[in-house]
Amino acid sequence: MNKKLKLSLGVSYIIILFIFLYLIFSYIDITRLNDFLYYKELQSSLENVISQNFYINLLIFFFFSIIWISLLGFGSPLLIVSGILFGKWIGSIVSVLAISIGALILYAIANFFFKDLVKNLLDKKFSRYLNLFKKNEFYYFLIYRLTGGLGIPFGLQNLLPVIFNMKKSNYFFASLLGFVPTFFIMNTLGSGLNKYLKQADSFSIINLILNKEIYLPLSFFFMILIVSALVKKRVFNIKNS
């Protein structure tokens, strides 16, 4: 594939991403972002919309999530939103499936169209992982996903296997299984925020933190961060600089 075609595909990709961002933010009144009542109104409106056509909205969210992740979108906002909209159980299931598929599509696109570019960008920085993944790519990639990607930004997490040409089946199933703990925690947090918005008359950071629907998932999330740091040192044999 020549450089002009790769450049055209890359520019098209960025344009589509910005269109998605524009469509999302065009529905948000940024002048009211510091108004707690605005969030209560949004929560109530969203709940009414979801309840009217639950399964259709679930499918819309599912396909939107696939497209969003395949366009290098952030994962965490989707997880919080899925917990808010669908609760911790259904939200976790739909987000694990959708983000696993979206990540696989992103990986397939990058591996087919932008393999050389990705390798040039990531090979030197993450070459220390290469030999480990080559030993048992499914096992180490599963650990990598279970520990939240070892602190690497989500988009780069999904692209990293390009440098060692990971099998798509191993990529998908390691992601699917590895996402479950963190995604459930984030969806539980989203569900807790939804309940807080329903019950609270005004915003209080202390009341929010002391709510068990909030501090429990946050506690587990910080535990994962600690485990991730330990895995960096022991499993992947990486020393902090």
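The values are calculated or read from the model by the stated rules, or taken from the named source; none is laboratory data. Since we're looking at a predicted model, the values are computed, not measured. No Cβ is skipped: glycine too gets one built from the backbone with ideal geometry, and neighbour counts run over all protein chains shown.
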*Given (1) within 18 Å of residue 77 (Cβ to Cβ); (2) in contact (Cβ under 8 Å) with a residue 60 or more places away in the chain; (3) among the polar types (S, T, N, Q), number of the condition residue 147 does not satisfy*: (1)
_If I go through region 180-213 residue by residue, how many of them are of a type in the set (A, V, I, L, M, F, W, C) and modelled with pLDDT of 80 or more?_
7
*Which residues, counting only those in region 132-171, are part of a loop (DSSP other than H, G, I, E, B) and either of a type outside the set (A, V, I, L, M, F, W, C) or touching a Lys or Arg at 6+ places or on another chain (Cβ under 9 Å) (or both)?*
136, 147, 153, 165, 167
*Residue list for region 99-125, restricted to those being of a type in the set (A, V, I, L, M) and modelled with pLDDT of 90 or more*: 99, 101, 103, 104, 105
*Selection from region 155-196 of residues that are closer than 26 Å to residue 218 by Cα, among the hydroxyl-bearing types (Ser, Thr, Tyr) and touching a Pro at 6+ places or on another chain (Cβ under 7 Å)*: 188
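Might you let me know whether region 55-65 holds any residue that is at pLDDT below 80 and over 18 Å from residue 190 (Cβ atoms)?
No, because not a single residue in region 55-65 is at pLDDT below 80 and over 18 Å from residue 190 (Cβ atoms).
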*Those residues of region 191-229 which are within 20 Å of residue 95 (Cα to Cα) and of a type in the set (S, T, N, Q), in sequence order*: 191, 194
_Per-region count, region 185-204, residues without any contact (Cβ under 8 Å) to a residue 24 or more places away in the chain and either part of a helix (DSSP H, G or I) or surrounded by 24 or more Cβ atoms within 10 Å (Cβ to Cβ) (or both)_ = 3
